[in-house]
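The values are calculated or read from the model by the stated rules, or taken from the named source; none is laboratory data. The structure presented is a predicted model; accordingly, all values stated were derived computationally and were not measured. Ideal geometry is used to build each Cβ from the backbone, glycine not excepted, and the neighbour counts take in all protein chains shown.
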Amino acid sequence: MLSAYLNCFKIPELKKRLLFTFGMIALVELTASIPCPGVNPAKLAELFKGINQNSGNGGIMDMFNLFSGGAMEQFAVGALGIMPYISASIVLQLMTPVIPALNKMTREGESGMQQYNFIMRALTVVIAIVQGVMFSMAMANPSRLGMNGGGVVDNPGLWFTIQTVIILTGGAMFITWLGEQITERGVGNGASLIITINIIGRLPGAIATLYTLVFVGDSTGESQLNIVHLIILIALFLAVTAGAILLTEGMRKVPIRYAQQRAGGLASRGGVQTTYLPLRVNYANVMPIIFAGAILSFLSIALRYLPQNNKVVIWLATTFLRQGSVWYILLYAVLLFLFSFFWVANQFNPIQIADDLQKNNGYIPGIRPGKPTSDFLDHSMTRITLGGAVGLLILAILPMLLAQSVLKIPHTVAQFFGGTSLLIIVGVMLDTMRQVQTYLISHNYDGLMSNGGILRSRTRV
């Protein structure tokens, strides 16, 4: 295994790409350590200390802090991270199937993709400005984002908002540019890799917190955790990680056969080529978790602007929108299932796939071309998505259950036992390792996993 990693630096091109990727990531981390002017560091630390002690109920602020690698906790230049670019990418992915002009761009080759990428960058700037305004105002009044505590700005006002928006937008676009450079000249997908590294950067702090709770807290009586709980948590983490890998890599392989043609357009006898159409179990990846969490966070923020003595507002805040409650988990589950099927319906087009197969003399054995093929794919994808949504729900609510359990696992630790964090880490690391594997195999070196392992095949469902 160690020799496989050492082989990565024996290939000049791969070595150059790896070192370039490390350099770009170092610059991203640098943006997370340069604070924006005008914010009181002591008050800011106290604000996020309260969020962490309150089971991480910081809503959007807590999510941005995770994805930015703690930059939001310092309100640094890179506090927005790569999230504006990710948000713009998600919006365009959702709009492309329903807007003919965007759909046409994606089919026009390089020139069309240049226009598409320009629109994505412009939308990234707009989203970064909106988020910059939102968070600069939240620093002056944290209750705007549903957080408890006073303002952390020494001199709040219009000038602070303007300069903060400019700095945060510039930092977000700089990180976006670094991500594009990693994709083009480094290893892996730059945007996804930046988020993954930022999440992993929080792991040492989580381990230190867990160590303190088990070994220091147990000896002083300030914690209910002991060595037995630690062993159980380690076993649970390994099991959840294995489940995340299965969910990420699981797919149903639908056999596809193509009849080879001779001159004149006639099919040749015996000339049949067989391939597979992969139907992924978790087709939507982490999108349903992000959407469901974002909607619940926005609903919580909206309640802050309604009369707090209203009985309906109090009832909603203490039942459906109280994180960890039964009603909150049920509402979260419903939203997650809805967004899972919505994403598949928006991105997976069985009619187009069936038409493309028919045009290229392809067919599914036992299924007639045309509408029967599209109906078969639609039915199969619906059943697979249902199973994937159930698995996704289990991973999504597990951190909540750990944080709200009698053991009171801190949110900084519980977030690595499922949810968005674990799925992103697993998915991005597997894709990156698969790309490195391709370089090694093409130069006749052993891959990162013996006998191919999970990098050469996906679990068949």
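Descriptive notes on the structure:
- Search result, residues across segment 179-192 that are over 14 Å from Ile86 (Cβ atoms) and not basic (Lys, Arg): Gln181, Ile182, Glu184, Gly186, Val187, Gly188
- Check on Ser111, buried (at least 18 other Cβ atoms within 10 Å of the Cβ), in a helix (DSSP H, G or I) and not assigned by TED's automatic domain parsing to the domain that holds Gly293: no
- The residues listed here are Ser192, Ser223; of these, the one that is assigned to a helix (DSSP H, G or I) and modelled with pLDDT under 90 is Ser192.
- Thr176 being touching a Lys or Arg at 6+ places or on another chain (Cβ under 8 Å) and either in a helix (DSSP H, G or I) or at pLDDT below 85 (or both): yes
- Test result for Leu330, surrounded by 15 or more Cβ atoms within 10 Å (Cβ to Cβ), at negative phi, within 29 Å of the chain's Cα centre (by Cα) and among the hydrophobic types (A, V, I, L, M, F, W, C): no
- One residue alone among Ala389, Ala354, Ala403 is modelled with pLDDT under 90 and not aromatic (Phe, Trp, Tyr), and that residue is Ala403.
- Residue within segment 152-160 that is more than 18 Å from Ala42 (Cα to Cα), of a type in the set (A, V, I, L, M) and either outside the structural domain of Met63 (by TED's automatic domain parsing) or modelled with pLDDT of 85 or more (or both) present: yes
- So Thr124, is it touching a residue at least 60 places away in the same chain (Cβ under 8 Å), in the same structural domain as Cys8 (by TED's automatic domain parsing), crowded, with 16+ Cβ neighbours inside 10 Å and not small (Gly, Ala, Ser): no
- When Ser300 is tested against (1) within 30 Å of Pro255 (Cβ to Cβ); (2) crowded, with 18+ Cβ neighbours inside 10 Å, only condition (1) is not met.
- Of all residues in segment 391-413, those satisfying the criterion of being in contact with a Ser or Thr (Cβ under 9 Å, 6 or more places away or on another chain), farther than 12 Å from Ala244 by Cα, assigned to a helix (DSSP H, G or I) and touching a residue at least 40 places away in the same chain (Cβ under 8 Å) are Met400, Ala403, Gln404, His411, Thr412, Val413.
- Residue within segment 377-384 that is closer than 23 Å to Gly250 by Cβ, in contact with a Leu (Cβ under 7 Å, 6 or more places away or on another chain), surrounded by fewer than 18 Cβ atoms within 10 Å (Cβ to Cβ) and touching a residue at least 12 places away in the same chain (Cβ under 8 Å) present: yes
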